[in-house]
Every structure is written in C-alpha cells, then in structure tokens.
Amino acid sequence: MTRTTTTRRRTLLAAAAAALSLALAACGSDGMDGMDHAASPTVSAAPGHDTAGTSHDPDGMDGMDGMEGMNGTAGTGGSADGLAAERGGYRLDGTLSGTEYRFTVTGPDGGALTSYRPEQTEEMHFYAIRSDLSGFQHLHPVMSPDGTWTAPLAALRPGDWRMYASFVPGAGAGAGTGLVLSRTATVPGQDAPVPLPAAAASTTADGYTVTVSGAPKAGAPGGLTVTVGKDGQPVTDLEPYLGTYAHLTAFHAGDQAFAHLHPEAEAAENAGGGPTLAFHAELPQAGDWRLFLQFRTGGALHTAALTLNVAA
Ligand SMILES: [Cu+2]
C-alpha cells in the first residue's frame, strides 16, 4: 500500500462521512423500529454474546429456591428510559441464578406473554450491564412455550447489575409498540467499581478502530456517524448483524437509562458494509453515556465501547 493510495482512501472516507452527515440532517424516520427481517444467520464467535439460550422445561422455575439470584427491584422511572419494570400493562419479572437469568413478561391480561414481533430479526433482545457501565452483555434468549425466557450470561462480576428486556409485544393493548423493561440483580461478593473511561471520539476493539462523530443534544433527535477502520484503512467488509451492519446501544452514567440507537440503513444482500454507518440518535438525558457498538467481520462479533458526552 503506497502512501498516495492511503491518502486518497482517507480523503474518500472523509468525503463519504461528510455526505452522510448531510443526509442525517434530514433524518426524521422512525429508524428500524418494527422492521421485520427474515432471520439472518447469526453464528457468533464471541462466547456468551449473541448466543442462543437452551430450552428449558416449563417447570424450570422450580428449583430456583436457595439460589443466590435475587429478585430485582423495579425501577421507578415511568418514561421510556428502560428503567421501569412495568409499563403499559406489561411487567418484567426475573431471577438470576448463577449466570442464568430467567424471566417472563406478564401482559395486560395477567398471563405470561408468549407472542412477540421480531425487531432487528429477534423477538427478544436482552442486555445486562453492571452499575458502573462495565460488563456489557447482549444476548438473544430462547423462550419456552409457557413464556419463560432463559438468558445464559457469561461470567458476571460481583456487584449490582441491571437486566433489560427489549421487545415488541405481539398481543395485548400494546401490541406492535416497542418496550424496554428492566430490573436490577445483585451478584454477591466484593469487586470494586470500574471508573467510567473519559469521553473519547474513538476506541479500538479486536484491532478495529471505531470513531464516533456527531454532537447529540439531550432529548433532541440527531445523528451519530460511526466509522470503522483497521490498520489505517477503511473497513468495507462488515457483515450483516441483526439485519444491519452494526448494533448500537447506550447506557447513561449514574442511572443506567437505556437507549437503542437505530441504524439509518438495513444491510444489503451480498454487499459488505462500512466503513461509515449512520445512526438515528435520541438520547434523553445530558451527561455521559457509554456506547456499545457491535459489528461482525469474518463471522466474528466485535464489541467496541466508548464514552460519549451529551450536552444539555
Ligand atoms: Cu439483540
């Protein structure tokens, strides 16, 4: 690779980013909410992430007695920040047992909800994050016929965690409207908090450099542009992941409010994605947010994390 070629590619990259920024200024869509893709092949090389849970017998909730898991406390937030355990007649209940979180969503009729509409190819997106915003995990649990979901988490460090269920009900008064419900869970033991890394425009993961540009304001719709590079070169072989080329979630420092940043474009058939990805951002609160960008190359899932400061 000659220096000239590298420079030219960087110039093209900058031009592409500028063009996207302009396009974003006009963005007002609902993003990818409610999109209903055929399931994409989701083979993951990252243990504990994006792994399908195993089926459990419907009576599996017995036998939880004496376990270390705790029934989480409900959040008090009533807004769409993902901190409430109950919203619109739907309620999350869950129990952490070791590294396995089993949960149900109770619908407005008082029964366990068993009907869901896929969003970004999955009926249930599950997240676990430690109260210091370290230890992010994102899984797609499996539901047994009685509506019990099982999320097999990777190792959890001692401390306070919050477990989020993100889904679109397929039945009840709220059918078709996305919900994020959460509860806390405590993992026994002592482990010091991890200080939140300082806000930064870029970070690295598995040799990839991820750069985020954009200056979202609290509560206002805006755009975030993510650029993926490797060894100084733009990456253009991103593989589809959950129907798009990257998945971006954010958690607010302090209260762990949740936000899913919707991609502006779906993944195309037989075409690699990157290096630039545009997201529709609407972060409800000012302050520091921890962003987790997940993308796939060569069959492997990568997770990049960085801190973004959102102005009031
Ligand atoms: Cu997901």
- [ ] Please identify the pairs in which a residue from segment 139-162 that is within 17 Å of Ser115 (Cβ to Cβ) and not assigned by TED's automatic domain parsing to the domain that holds Thr121 has its Cβ atom under 8 Å from the Cβ atom of a residue that is among the hydrophobic types (A, V, I, L, M, F, W, C) and within 14 Å of the ligand (Cβ to nearest atom), counting only partners at least 6 apart or on another chain.
- [x] none
Task: Residue satisfying all of: in segment 126-138; under 11 Å from Tyr101 (Cα atoms) and of a type outside the set (Ser, Thr, Tyr); nearest to the ligand (Cβ to nearest atom) among these - done: Phe126
- [ ] Among what's in segment 136-151 and is surrounded by 19 or more Cβ atoms within 10 Å (Cβ to Cβ) and part of a strand (DSSP E or B), pick the residue that is nearest to the chain's Cα centre (by Cα).
- [x] His138
TODO: Just give me the residues in segment 91-120 being buried (at least 21 other Cβ atoms within 10 Å of the Cβ), within 16 Å of the ligand (Cβ to nearest atom) and in a loop (DSSP other than H, G, I, E, B), in sequence order.
DONE: Gln120
TODO: Mind listing just one residue for me: the one in segment 220-263 that is out of contact with any strand residue (DSSP E or B) (no Cβ under 7 Å at 6 or more places or on another chain) and within 16 Å of the ligand (Cβ to nearest atom) and, of those, nearest to His302 (Cα to Cα)?
DONE: Pro240
TODO: Can you tell me which residue within segment 80-90, out of those that are in a loop (DSSP other than H, G, I, E, B) and more than 19 Å from the chain's Cα centre (by Cα), is nearest to the ligand (Cβ to nearest atom)?
DONE: Gly88
- [ ] Can you confirm whether segment 301-312 contains a residue that is free of Cβ contacts under 8 Å to residues at least 60 places away in the same chain and away from the ligand (no atom under 16 Å from the Cβ)?
- [x] no
Open item on the list: Just to check your reading of the model, which residue among Gly254, Gly298, Gly243 is on the phi > 0 side of the Ramachandran plot, buried (at least 17 other Cβ atoms within 10 Å of the Cβ) and not assigned by TED's automatic domain parsing to the domain that holds Ala85?
Closed with: Gly243
- [ ] Inspect segment 223-234 for any residue being crowded, with 17+ Cβ neighbours inside 10 Å and under 17 Å from His252 (Cα atoms) and give the result as yes or no.
- [x] yes
Open item on the list: Based on this model, can you work out whether Leu133 counts as part of a loop (DSSP other than H, G, I, E, B), under 14 Å from the mean Cα position of the chain (by Cα) and at pLDDT 95 or above?
Closed with: yes
- [ ] Considering only segment 149-176, state which residues are touching a Pro at 6+ places or on another chain (Cβ under 7 Å) and either of a type in the set (Val, Ile, Thr) or within 13 Å of the ligand (Cβ to nearest atom) (or both).
- [x] Trp149, Thr150, Ala151
- [ ] Please go through segment 183-195 and pick out each residue that is surrounded by 15 or more Cβ atoms within 10 Å (Cβ to Cβ) and of a type in the set (A, V, I, L, M).
- [x] Ala185, Val187
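The values are calculated or read from the model by the stated rules, or taken from the named source; none is laboratory data. Everything quoted here is computed from the prediction, not taken from an experiment. Because the Cβ atoms are built from the backbone with ideal geometry, glycine has one as well, and the counts that use them run over all protein chains shown.
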